[in-house]
Amino acid sequence: MAFPLQESKLPILPFSVLIIISILGRSLHASDPPLTLDHYAPTCPSVFEIVKKEMECEVRSDPRNAALIVRLHFHDCFVQGCDGSVLLDDTITLQGEKKASASINSLGGFQIIDRIKNKVESECPGIVSCADILTIAARDAVLLVGGPYWDVPVGRKDSKTASLELAESNIPTADESLLSIINKFLYQGLSVTDLVALSGAHTIGTARCASFRARIYRDFGTTSDRSPVSETHLNSLKSTCPATGGGDNNISAMDYVTPNVFDNSFYHLLLKGDGLLNSDQELYSSMLGLETKNLVVKYAHDQVAFFQQFSYSMVKMGNITNPDSFVNGEIRTDCRFVNA
(Lines give C-alpha, C1' and ligand atoms only; values in the text may rest on other atoms or scores of the structure.)
Protein backbone atom coordinates (compact mmCIF):
# COMPACT_ATOMS: atom_id res chain seq x y z
CA MET A 1 0.00 0.00 0.00
CA ALA A 2 1.44 3.32 -1.07
CA PHE A 3 0.29 5.30 1.94
CA PRO A 4 1.58 3.00 4.72
CA LEU A 5 4.85 2.42 2.87
CA GLN A 6 5.33 6.14 2.71
CA GLU A 7 4.66 6.42 6.43
CA SER A 8 6.92 3.53 7.33
CA LYS A 9 9.93 5.60 6.24
CA LEU A 10 9.36 7.88 9.20
CA PRO A 11 11.58 7.25 12.24
CA ILE A 12 10.23 6.42 15.66
CA LEU A 13 11.06 9.96 16.76
CA PRO A 14 7.74 11.49 15.60
CA PHE A 15 5.92 9.60 18.35
CA SER A 16 7.93 11.38 21.04
CA VAL A 17 7.44 14.63 19.15
CA LEU A 18 3.71 13.98 19.10
CA ILE A 19 3.69 13.49 22.85
CA ILE A 20 5.39 16.85 23.31
CA ILE A 21 2.95 18.49 20.90
CA SER A 22 0.08 16.87 22.76
CA ILE A 23 1.25 18.48 26.01
CA LEU A 24 1.68 21.83 24.28
CA GLY A 25 -1.71 21.46 22.63
CA ARG A 26 -3.40 20.80 25.93
CA SER A 27 -1.66 23.79 27.46
CA LEU A 28 -3.02 26.00 24.70
CA HIS A 29 -6.54 25.07 25.71
CA ALA A 30 -5.96 24.12 29.34
CA SER A 31 -8.23 26.64 31.01
CA ASP A 32 -11.87 25.72 31.17
CA PRO A 33 -13.90 27.94 28.82
CA PRO A 34 -16.58 30.07 30.47
CA LEU A 35 -19.35 28.07 28.81
CA THR A 36 -22.56 26.87 30.48
CA LEU A 37 -25.72 25.09 29.42
CA ASP A 38 -27.95 27.91 30.66
CA HIS A 39 -25.99 30.92 29.41
CA TYR A 40 -28.94 32.19 27.37
CA ALA A 41 -31.67 31.20 29.82
CA PRO A 42 -32.26 34.77 31.08
CA THR A 43 -31.58 36.59 27.78
CA CYS A 44 -32.67 34.34 24.88
CA PRO A 45 -34.33 31.17 26.19
CA SER A 46 -35.80 30.36 22.76
CA VAL A 47 -32.46 30.14 20.92
CA PHE A 48 -32.20 26.35 20.99
CA GLU A 49 -35.74 25.95 19.67
CA ILE A 50 -35.16 28.49 16.91
CA VAL A 51 -31.99 26.73 15.73
CA LYS A 52 -33.71 23.35 15.89
CA LYS A 53 -36.69 24.45 13.79
CA GLU A 54 -34.50 26.07 11.16
CA MET A 55 -32.24 23.03 10.92
CA GLU A 56 -35.28 20.78 10.61
CA CYS A 57 -36.34 22.75 7.54
CA GLU A 58 -32.86 22.70 6.04
CA VAL A 59 -32.26 18.98 6.54
CA ARG A 60 -35.76 18.13 5.36
CA SER A 61 -35.13 20.05 2.14
CA ASP A 62 -31.76 18.32 1.61
CA PRO A 63 -30.26 15.78 4.05
CA ARG A 64 -26.79 16.68 2.80
CA ASN A 65 -27.11 20.01 4.60
CA ALA A 66 -26.47 18.17 7.87
CA ALA A 67 -22.95 17.25 6.79
CA LEU A 68 -22.26 20.80 5.58
CA ILE A 69 -22.95 22.25 9.01
CA VAL A 70 -20.92 19.62 10.89
CA ARG A 71 -17.96 20.21 8.57
CA LEU A 72 -18.29 23.97 8.97
CA HIS A 73 -18.19 23.61 12.75
CA PHE A 74 -15.09 21.41 12.54
CA HIS A 75 -13.25 23.93 10.36
CA ASP A 76 -14.22 26.73 12.72
CA CYS A 77 -12.92 25.00 15.83
CA PHE A 78 -9.59 23.98 14.28
CA VAL A 79 -8.68 27.60 13.46
CA GLN A 80 -8.42 29.97 16.45
CA GLY A 81 -10.89 27.84 18.41
CA CYS A 82 -14.67 27.83 18.02
CA ASP A 83 -15.10 31.56 17.47
CA GLY A 84 -17.07 31.93 14.25
CA SER A 85 -13.96 33.05 12.34
CA VAL A 86 -14.70 30.61 9.50
CA LEU A 87 -17.91 32.53 8.75
CA LEU A 88 -16.17 35.83 7.99
CA ASP A 89 -16.04 37.08 4.39
CA ASP A 90 -12.99 38.80 2.98
CA THR A 91 -12.92 42.58 3.23
CA ILE A 92 -10.38 45.28 2.44
CA THR A 93 -9.04 45.02 5.98
CA LEU A 94 -9.64 41.33 6.76
CA GLN A 95 -8.59 38.17 4.98
CA GLY A 96 -10.95 35.36 5.88
CA GLU A 97 -10.53 31.59 5.95
CA LYS A 98 -12.96 30.60 3.21
CA LYS A 99 -10.33 30.63 0.46
CA ALA A 100 -7.94 28.28 2.23
CA SER A 101 -7.10 25.24 0.10
CA ALA A 102 -8.85 22.90 2.55
CA SER A 103 -11.97 25.07 2.59
CA ILE A 104 -12.56 26.76 -0.74
CA ASN A 105 -14.09 23.74 -2.48
CA SER A 106 -15.34 21.80 0.53
CA LEU A 107 -17.21 24.22 2.80
CA GLY A 108 -20.85 25.14 2.43
CA GLY A 109 -23.83 25.94 4.59
CA PHE A 110 -22.97 29.60 5.13
CA GLN A 111 -26.42 30.67 3.94
CA ILE A 112 -27.99 28.27 6.43
CA ILE A 113 -26.18 29.96 9.31
CA ASP A 114 -27.18 33.35 7.88
CA ARG A 115 -30.85 32.37 7.92
CA ILE A 116 -30.68 31.02 11.45
CA LYS A 117 -28.84 34.13 12.62
CA ASN A 118 -31.54 36.37 11.12
CA LYS A 119 -34.24 34.42 12.97
CA VAL A 120 -32.34 34.61 16.25
CA GLU A 121 -31.63 38.33 15.81
CA SER A 122 -35.32 39.05 15.25
CA GLU A 123 -36.09 37.32 18.55
CA CYS A 124 -33.04 38.28 20.63
CA PRO A 125 -31.06 41.08 18.95
CA GLY A 126 -27.40 41.31 19.87
CA ILE A 127 -27.46 38.39 22.30
CA VAL A 128 -26.41 35.12 20.62
CA SER A 129 -23.03 34.70 18.96
CA CYS A 130 -22.59 33.20 15.51
CA ALA A 131 -20.08 30.76 17.05
CA ASP A 132 -22.77 29.44 19.40
CA ILE A 133 -25.35 29.22 16.61
CA LEU A 134 -22.97 27.13 14.52
CA THR A 135 -22.17 24.85 17.46
CA ILE A 136 -25.85 24.28 18.29
CA ALA A 137 -26.70 23.76 14.61
CA ALA A 138 -24.01 21.08 14.29
CA ARG A 139 -25.55 19.12 17.17
CA ASP A 140 -29.03 19.41 15.66
CA ALA A 141 -27.72 18.44 12.23
CA VAL A 142 -26.37 15.16 13.58
CA LEU A 143 -29.53 14.46 15.57
CA LEU A 144 -31.81 15.11 12.58
CA VAL A 145 -30.16 12.40 10.48
CA GLY A 146 -30.26 9.73 13.18
CA GLY A 147 -27.22 10.55 15.27
CA PRO A 148 -26.87 11.07 19.02
CA TYR A 149 -27.95 14.00 21.16
CA TRP A 150 -25.64 15.93 23.46
CA ASP A 151 -26.00 19.05 25.57
CA VAL A 152 -24.24 22.04 24.03
CA PRO A 153 -22.40 24.41 26.39
CA VAL A 154 -22.76 28.00 25.15
CA GLY A 155 -21.42 31.47 25.85
CA ARG A 156 -18.86 31.87 23.07
CA LYS A 157 -18.11 35.24 21.57
CA ASP A 158 -17.36 35.90 17.93
CA SER A 159 -13.81 36.69 16.92
CA LYS A 160 -12.99 39.95 15.20
CA THR A 161 -10.17 38.19 13.35
CA ALA A 162 -9.63 35.22 11.06
CA SER A 163 -6.51 33.36 9.94
CA LEU A 164 -6.03 32.06 6.42
CA GLU A 165 -2.57 30.88 7.49
CA LEU A 166 -3.92 28.70 10.32
CA ALA A 167 -6.67 27.38 8.05
CA GLU A 168 -3.97 26.25 5.63
CA SER A 169 -1.89 24.58 8.34
CA ASN A 170 -4.42 23.24 10.88
CA ILE A 171 -7.11 21.55 8.78
CA PRO A 172 -6.37 17.89 7.93
CA THR A 173 -6.52 17.00 4.24
CA ALA A 174 -7.72 13.93 2.36
CA ASP A 175 -4.22 12.84 1.32
CA GLU A 176 -2.46 13.51 4.62
CA SER A 177 -0.59 10.80 6.51
CA LEU A 178 -2.04 9.32 9.68
CA LEU A 179 0.79 10.64 11.86
CA SER A 180 0.35 14.14 10.51
CA ILE A 181 -3.39 14.11 11.21
CA ILE A 182 -2.84 12.74 14.72
CA ASN A 183 -0.36 15.57 15.20
CA LYS A 184 -2.98 18.16 14.24
CA PHE A 185 -5.57 16.68 16.60
CA LEU A 186 -3.13 16.49 19.50
CA TYR A 187 -2.20 20.12 18.96
CA GLN A 188 -5.85 21.02 19.49
CA GLY A 189 -5.94 19.02 22.70
CA LEU A 190 -7.85 16.18 21.04
CA SER A 191 -6.80 12.55 21.47
CA VAL A 192 -6.43 9.69 19.02
CA THR A 193 -9.78 8.43 20.29
CA ASP A 194 -11.33 11.81 19.47
CA LEU A 195 -9.81 11.58 15.99
CA VAL A 196 -11.34 8.21 15.21
CA ALA A 197 -14.72 9.11 16.69
CA LEU A 198 -14.96 12.50 14.98
CA SER A 199 -13.92 10.92 11.67
CA GLY A 200 -17.15 8.97 11.98
CA ALA A 201 -18.94 12.15 10.89
CA HIS A 202 -17.95 11.00 7.39
CA THR A 203 -20.84 8.57 7.63
CA ILE A 204 -22.75 11.52 6.14
CA GLY A 205 -21.66 13.95 3.45
CA THR A 206 -19.78 13.84 0.18
CA ALA A 207 -16.27 14.35 -1.15
CA ARG A 208 -15.03 15.87 -4.40
CA CYS A 209 -13.39 13.76 -7.08
CA ALA A 210 -10.18 15.76 -6.62
CA SER A 211 -10.03 14.49 -3.03
CA PHE A 212 -10.40 10.79 -3.84
CA ARG A 213 -9.03 10.36 -7.38
CA ALA A 214 -5.63 9.15 -6.20
CA ARG A 215 -7.30 6.76 -3.79
CA ILE A 216 -9.53 4.99 -6.32
CA TYR A 217 -6.84 4.66 -8.97
CA ARG A 218 -4.10 3.56 -6.60
CA ASP A 219 -4.80 2.22 -3.10
CA PHE A 220 -8.47 1.25 -3.25
CA GLY A 221 -7.76 -2.02 -5.03
CA THR A 222 -5.10 -2.86 -2.44
CA THR A 223 -7.23 -2.33 0.66
CA SER A 224 -10.65 -3.40 -0.65
CA ASP A 225 -11.95 -6.92 -0.03
CA ARG A 226 -12.91 -6.98 -3.74
CA SER A 227 -16.39 -8.27 -3.06
CA PRO A 228 -18.90 -7.87 -5.93
CA VAL A 229 -20.45 -4.92 -4.09
CA SER A 230 -17.06 -3.27 -3.63
CA GLU A 231 -16.10 -3.86 -7.26
CA THR A 232 -19.37 -2.37 -8.45
CA HIS A 233 -18.88 0.63 -6.21
CA LEU A 234 -15.31 1.16 -7.43
CA ASN A 235 -16.46 1.09 -11.04
CA SER A 236 -19.13 3.64 -10.17
CA LEU A 237 -16.52 5.87 -8.52
CA LYS A 238 -14.32 5.70 -11.61
CA SER A 239 -17.20 6.70 -13.84
CA THR A 240 -17.87 9.65 -11.53
CA CYS A 241 -14.21 10.56 -11.23
CA PRO A 242 -12.18 9.94 -14.41
CA ALA A 243 -8.44 9.47 -14.06
CA THR A 244 -7.83 12.32 -16.49
CA GLY A 245 -9.91 14.87 -18.30
CA GLY A 246 -11.49 16.85 -15.48
CA GLY A 247 -14.40 16.07 -13.21
CA ASP A 248 -12.67 17.50 -10.13
CA ASN A 249 -15.93 18.83 -8.73
CA ASN A 250 -17.94 15.64 -9.23
CA ILE A 251 -18.97 14.27 -5.86
CA SER A 252 -19.55 10.91 -4.21
CA ALA A 253 -20.94 9.93 -0.81
CA MET A 254 -18.26 9.01 1.71
CA ASP A 255 -20.59 6.28 3.00
CA TYR A 256 -22.22 4.72 -0.05
CA VAL A 257 -24.33 2.32 2.05
CA THR A 258 -26.34 4.80 4.16
CA PRO A 259 -25.20 8.22 2.90
CA ASN A 260 -27.93 10.25 4.60
CA VAL A 261 -28.06 8.40 7.93
CA PHE A 262 -25.74 9.03 10.84
CA ASP A 263 -24.71 5.52 11.93
CA ASN A 264 -21.58 3.38 12.20
CA SER A 265 -21.64 2.23 8.57
CA PHE A 266 -18.54 4.32 7.90
CA TYR A 267 -16.47 2.01 10.10
CA HIS A 268 -17.83 -1.09 8.36
CA LEU A 269 -16.57 0.35 5.08
CA LEU A 270 -13.12 0.86 6.57
CA LEU A 271 -13.07 -2.79 7.68
CA LYS A 272 -13.86 -3.75 4.07
CA GLY A 273 -11.12 -1.45 2.83
CA ASP A 274 -13.66 0.72 1.03
CA GLY A 275 -12.99 4.07 2.68
CA LEU A 276 -13.32 6.81 0.08
CA LEU A 277 -10.56 9.05 1.40
CA ASN A 278 -6.99 7.91 1.97
CA SER A 279 -6.94 9.73 5.30
CA ASP A 280 -9.98 7.76 6.47
CA GLN A 281 -8.82 4.34 5.30
CA GLU A 282 -5.48 4.92 7.03
CA LEU A 283 -7.30 4.79 10.37
CA TYR A 284 -7.67 1.05 9.77
CA SER A 285 -5.03 0.13 7.22
CA SER A 286 -1.92 2.05 8.28
CA MET A 287 0.89 -0.07 9.69
CA LEU A 288 1.40 2.67 12.28
CA GLY A 289 -2.25 2.80 13.31
CA LEU A 290 -2.67 -0.02 15.83
CA GLU A 291 -4.65 2.16 18.24
CA THR A 292 -6.78 3.67 15.50
CA LYS A 293 -7.41 0.24 13.97
CA ASN A 294 -8.66 -1.14 17.28
CA LEU A 295 -11.02 1.82 17.66
CA VAL A 296 -12.37 1.37 14.12
CA VAL A 297 -13.14 -2.27 14.94
CA LYS A 298 -14.75 -1.26 18.22
CA TYR A 299 -17.05 1.34 16.67
CA ALA A 300 -17.93 -0.94 13.75
CA HIS A 301 -19.17 -3.55 16.21
CA ASP A 302 -20.73 -1.20 18.77
CA GLN A 303 -22.73 1.77 17.48
CA VAL A 304 -23.69 2.78 21.03
CA ALA A 305 -20.02 3.12 21.95
CA PHE A 306 -19.44 5.19 18.82
CA PHE A 307 -22.38 7.49 19.57
CA GLN A 308 -21.25 7.98 23.16
CA GLN A 309 -17.68 8.81 22.19
CA PHE A 310 -18.76 11.01 19.27
CA SER A 311 -20.98 13.07 21.59
CA TYR A 312 -18.17 13.45 24.12
CA SER A 313 -15.64 14.36 21.44
CA MET A 314 -17.96 16.94 19.84
CA VAL A 315 -18.38 18.71 23.18
CA LYS A 316 -14.61 18.54 23.71
CA MET A 317 -13.96 20.00 20.27
CA GLY A 318 -16.62 22.66 20.81
CA ASN A 319 -14.81 23.72 23.97
CA ILE A 320 -11.59 24.57 22.11
CA THR A 321 -11.30 28.20 22.97
CA ASN A 322 -10.00 31.40 21.49
CA PRO A 323 -9.04 33.22 24.71
CA ASP A 324 -8.78 36.52 22.85
CA SER A 325 -12.41 36.34 21.72
CA PHE A 326 -13.62 36.17 25.32
CA VAL A 327 -11.78 39.41 26.03
CA ASN A 328 -11.98 41.29 22.74
CA GLY A 329 -14.70 39.41 20.89
CA GLU A 330 -18.25 40.50 20.14
CA ILE A 331 -21.72 39.29 19.21
CA ARG A 332 -21.85 39.84 15.45
CA THR A 333 -25.12 41.08 14.00
CA ASP A 334 -24.09 39.63 10.63
CA CYS A 335 -22.04 36.44 10.79
CA ARG A 336 -20.11 37.39 7.65
CA PHE A 337 -18.72 40.68 8.93
CA VAL A 338 -17.24 42.19 12.06
CA ASN A 339 -19.57 44.78 13.60
CA ALA A 340 -18.98 48.31 12.34
(Q) Could you give each residue of region 193-208 its phi-based ³J(HN,Hα) in whole Hz, using Karplus coefficients 6.51, -1.76, 1.60 with θ = phi - 60°, and x for Gly or Pro? (A) 4, 4, 4, 5, 5, 5, 5, x, 4, 6, 5, 10, x, 10, 10, 7
Q. For region 100-190, with every protein chain kept in place, what is the accessible area per residue (1.4 Å probe, Å²)?
A. 34
Q) Cα-Cα over 32 Å: which of LYS53/LYS316; LYS53/LYS160; LYS52/LYS238; LYS52/LYS98? A) LYS52/LYS238
Q. Expressed in nm to one decimal, what extension gain is obtained for the pair VAL315 and ILE104 from 0.36 nm per residue of sequence separation less their Cα-Cα distance?
A. 73.4 nm
Q: Could you tell me which Cys residues in the chain have no other cysteine's Cβ under 4.7 Å from their own Cβ, answering none if every one has a partner?
A: CYS57
Q: For the chain, just the Cα set please: Rg and Dmax, both in angstrom.
A: 19.7, 59
Q) If each of LEU271 and THR232 carries a label point 7 Å out from its Cα toward its Cβ, how far apart are those two points in nm? A) 2.1
(Q) On a full-extension model of 0.36 nm per residue, what is the gain between GLN111 and SER46, subtracting their alpha-carbon distance, rounded to one decimal in nm? (A) 21.3 nm
(Q) In whole percent, and with a 1.4 Å probe on the protein chains, what portion of the accessible area of the chain is carbon and sulfur? (A) 56
Q.
Which of ALA138, ALA100, ALA41 ends up with the largest GNM mean-square fluctuation for the chain, with Cα atoms connected below 10 Å?
A. ALA41
Q) Taking the Cβ-Cβ separation of LEU290 and VAL261 as r and a Förster radius of 30 Å, what is the calculated FRET efficiency to the nearest 0.05? A) 0.50
(Q) How high is the relative contact order of the chain? Use alpha-carbon pairs under 8 Å, at least six apart in sequence, and give a whole percent. (A) 27
Q: Please give the contour-minus-distance gain from GLU330 to ALA243: 0.36 nm per residue of separation, less the Cα-Cα distance, rounded to one decimal in nm.
A: 26.6 nm
Q: Quote the Stokes-Einstein diffusion coefficient, in whole µm² s⁻¹, for region 148-254, based on the Kirkwood radius over alpha carbon pairs, a temperature of 20 °C and a viscosity of 1.002 mPa s.
A: 128
Q) To the nearest 20 debye, what charge dipole does the chain have about its Cα centre, counting +1 at the Cβ of each Lys and Arg and -1 at the Cβ of each Asp and Glu? A) 500
Q: May I ask which residue of SER236, HIS39, ALA305 lies farthest towards the positive end of the charge dipole of the chain, with charges of +1 (Lys, Arg) and -1 (Asp, Glu) on Cβ and the Cα centre as origin?
A: SER236
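The values are calculated or read from the model by the stated rules, or taken from the named source; none is laboratory data. Since this is a predicted model, take the numbers as computed values, not measurements. Cβ atoms come from the backbone with ideal geometry, glycine included; neighbour counts cover every protein chain shown. Please note that ligands, DNA and RNA were not included when accessible areas were found on the heavy atoms of the full protein model with its side chains. Shrake-Rupley method; radii C 1.70, N 1.55, O 1.52, S 1.80 Å.
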